[in-house]
1. Below 8 Å, C-alpha to C-alpha, sequence gap of six or more: please give me the relative contact order for the stretch 79-231 in percent.
2. Taking θ = phi - 60°, what integer Hz values does the Karplus form 6.51 cos²θ - 1.76 cosθ + 1.60 yield along the stretch 633-642, in sequence order, with x for Gly and Pro?
3. Report the accessible area of GLU208, computed with a 1.4 Å probe over the heavy atoms of all protein chains in place, in Å² rounded to the nearest 10.
4. List, in order, the whole-Hz ³J(HN,Hα) value for each residue of the stretch 337-353 obtained from phi through the Karplus relation with A = 6.51, B = -1.76, C = 1.60 and θ = phi - 60°; use x for Gly and Pro.
5. Could you sort 38-47, 234-243 so that the peptide with the highest average Cβ count within 10 Å comes first and the rest follow in order?
6. Can you list residues from other chains, or at least 5 along the same chain, whose modelled amide H is less than 5 Å from the amide H of GLN491?
7. Can you list which of the chymotrypsin sites (Phe, Trp or Tyr not before Pro) found in the stretch 624-699 are DSSP loop residues with at most 10 other C-beta atoms within 10 Å?
8. Each residue of the stretch 328-335 in turn: what ³J(HN,Hα) in whole Hz from Karplus with 6.51, -1.76, 1.60 and θ = phi - 60°, glycine and Pro shown as x?
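The values are calculated or read from the model by the stated rules, or taken from the named source; none is laboratory data. This structure is a prediction, so every number in the text was calculated from the model and none was measured. Note that each Cβ is placed from the backbone with ideal geometry, even for glycine, and that neighbours are counted across all protein chains shown. SASA here: full protein model, heavy atoms, side chains in, ligands and nucleic acids out. Shrake-Rupley method; radii C 1.70, N 1.55, O 1.52, S 1.80 Å.
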Amino acid sequence: MTRPLIFVPALLLVFLVINIPEPINGLVEPIVMPDILKDCYQYRTQVLNVTDMPAHEISAFCITNFLYKTYHLRPQRPIANETIQYAQELFRQVFGEAQKRRRVKRQFIQRVRQEVRVMSRQLWNTFVTRVNMLKNQFVGRNISRYDAFADIHRLVIDSAHGGPNFLGWHAVYLILFEQAIGIPVPYWDSRLDFYMEQPTDSILWTPEFFGEGFGAVTNGPFANWYTPDNVPLTRNIGNAGTLISDANVQSVLTRTRHREIVEPNPNPQFSLEIHHNGPHVWVDGQLSAAATAAQDPVFFLHHSFVNYFWVLFRRRQRSIGIDPATDYPPTNNPLQQPFNRMIPFQLRNIDGYSNQIEALSTYQPPPTCPSCGGSSYLECFNNRCRSRVGLVQSGPAAAGFAGMGGMGGAAAFTSPTAGGQARAMQTVAQTGPLPIGNRFNTPFRDPRTRGDTIPNAPVRDRVRRSTSTNTTSARASSSNFDTSQINKPYQNTFLLNGVSDVNRWSFIPVRIIFERTPKSKFQSFIIKDGHLIEASDMFEAQKYQGLKVEIKKKLPATYSKCHVSGSGASKVYVQTDGIDYSGRYKDYAVVDERLPISSSMTYIGVKNPTDGAAQFYMTAYDSCGRVCRPQCLTNGNYRPCSGTFRITSTYPRMYGLSYEDAVKGIWKKGNNLMPESNAGEVPITFFCDAYMKWPWVFE
């Protein structure tokens with residue numbers, strides 16, 4: 001990057017030489033980790049070592065905890081008075097005077113929540129039509145009824161998450177949404193997708209149901225939706241997190257008291273809220289952050305299932321003589337005390353546990369083999385119902401969906417905000433890093449989020465989506481079509497402090513040094529004296545370390561079923577979370593797992609410091625859940641650091657005002673490509689290796 005020449009008078013130069021402090025790399029400088037983060041890491045690891053739990057489980061929890069507790073300290077888009085008034089009016093319609101409440105109760109009991117793939121197409125089309133009508137009706141000049149209702153979820157970041165009020169508040173919220181659309185909300189039983197070979201191939205992520213799962217949603221019933229932040233509805237299915245499994249449900253149902261299944265919970269296996277977080281993270285996009293989650297209609301179908309999950313637990317309590325209505329756990333969070341007001345409604349938090357509220361909805365049980373509810377969208381496999389794969393469509397046919405009649409297809413379902421129709425024509429390429437807010441945390445991860453083959457499965461052609469309902473497993477033999485996650489880009493949106501604008505972001509080059517996982521095997525053998533030595537992997541990591549014995553004894557914990565892709569390509573994710581601004585950016589570098597050590601680059605967005613200095617926390621983790629150790633460039637050398645930084649506009653400028661600027665800054669001199677990167681322009685390097693102690697540095 002070319003630097004301007006600065007002429008300094010001789011006398012001033014002497015003054016500077018005498019008084020200038022030791023030089024630092026000014027614009028991206030490490031700072032001390034905030035106490036909330038530091039305390040969380042220390043508390044969560046005081047009785048654990050690196051072999052007990054994947055480090056990313058702890059990191060994700062502590063980041064979410066920090067964002068929850070500091071949410072109101074960062075700028076947010078204001079919530080309109082009309083929004084709160086609309087929610088309170090819905091509340092009065094359902095929970096009004098006693099006589100009306102009894103009438104509404106009978107009305108809701110007649111409505112049954114069904115699994116989305118079992119309900120009739122007519123009922124599904126009615127549901128999405130009502131949701132789109134809500135999206136196109138206003139409560140004020142600039143916000144639709146749907147967006148207003150979604151904004152209510154932002155009011156309760158701290159008062160309805162991370163504690164016992166999570167269960168009751170969301171049960172009430174779901175009932176009010178049903179009141180708004182006048183029809184029961186179906187539920188998405190994500191267990192039916194969990195047991196697929198590739199859950200991202202589920203028919204749910206086609207125009208028949210939820211629409212596109214990768215990038216901006218451009219097909220299906222919610223195509224071309226824009227949020228109140230003027231950001232397209234976005235998803236990145238299967239990049240992280242996990243869907244719910246039968247084991248998750250059964251682990252919660254082994255408990256008997258609410259205090260055992262709500263947060264804070266020392267054992268995440270029993271936490272219903274933690275299990276609920278997994279699909280939020282798995283779908284990603286708006287759904288992955290508490291402040292924006294309800295902007296995606298999938299939110300309500302997921303929470304309909306979470307509520308069913310809770311209903312099963314309450315039934316178990318009654319079977320052993322416990323009244324769930326009075327079993328509200330104690331909490332240290334003053335906003336979630338049982339007799340405090342349930343924001344923003346005229347209920348107490350404990351009222352959300354009442355049997356009367358539970359009775360306002362009923363559930364049709366999930367489909368079972370052999371008929372799977374008679375649904376053509378499900379199949380019975382190994383005595384378990386699972387979703388069929390779906391065909392990805394493109395072109396005009398993918399824009400709409402069956403049964404919408406005169407609604408005009410998905411093109412009619414754009415945001416009612418000014419310019420919505422014009423924005424609907426923007427391409428995915430015109431969008432970039434995603435919303436932040438308080439991301440949901442899940443300590444669980446489905447190994448298939450890497451987009452690789454199923455654990456221990458042979459390398460073979462990937463499963464291709466198909467609409468065939470006559471075969472149990474539809475496949476494509478074409479080797480030219482690869483649906484693996486490694487080929488999917490990560491779609492972000494440029495949302496910062498409630499405004500989506502690329503000029504508010506800058507980009508920092510980040511280097512990844514990746515050490516091959518010691519247990520990785522690629523069946524590349526040496527030949528010695530004319531004999532193939534199958535017991536010796538050519539790329540075996542231990543050959544390049546003096547730690548063979550120690551590594552066998554002390555390997556960092558990874559996600560269960562962690563496996564390699566077979567191709568050698570793997571992703572290392574890097575994300576930034578604003579400390580004094582609202583914004584998250586996430587992307588990945590591709591590394592080569594076959595090699596003992598490989599290096600890669602990526603470029604990660606942070607707040608543009610020309611609008612004022614900013615602080616952020618940067619983390620990196622590999623696909624197996626190993627957290628990478630940050631090292632910061634200070635005085636020309638890389639040294640261990642906390643991963644928390646301050647970015648300023650002072651020189652030397654170690655960032656780019658655009659992605660292209662960041663790339664050119666380390667790889668080009670003028671118009672010429674340099675033979676190696678300019679190390680002085682790479683302020684942060686992450687080491688992803690087989691560490692023997694927790695990777696965090698607090699100073």
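1. Once normalised by length, the contact order is 24 percent.
2. 7, 9, 6, x, 10, 8, 9, x, 8, 7
3. Taking all protein chains as shown, GLU208 has close to 60 Å².
4. Going residue by residue, I get 4, x, 9, 7, 5, 7, 5, x, 9, 8, 9, 8, 4, 5, 5, x, 8 Hz, with x marking Gly and Pro.
5. Taking the mean over residues of other Cβ atoms within 10 Å, the ranking is 234-243, 38-47.
6. GLY215
7. Passing both the DSSP loop test and the Cβ count: no residue.
8. After applying 6.51 cos²θ - 1.76 cosθ + 1.60, I find 7, x, x, 8, 8, 7, x, 6 Hz.
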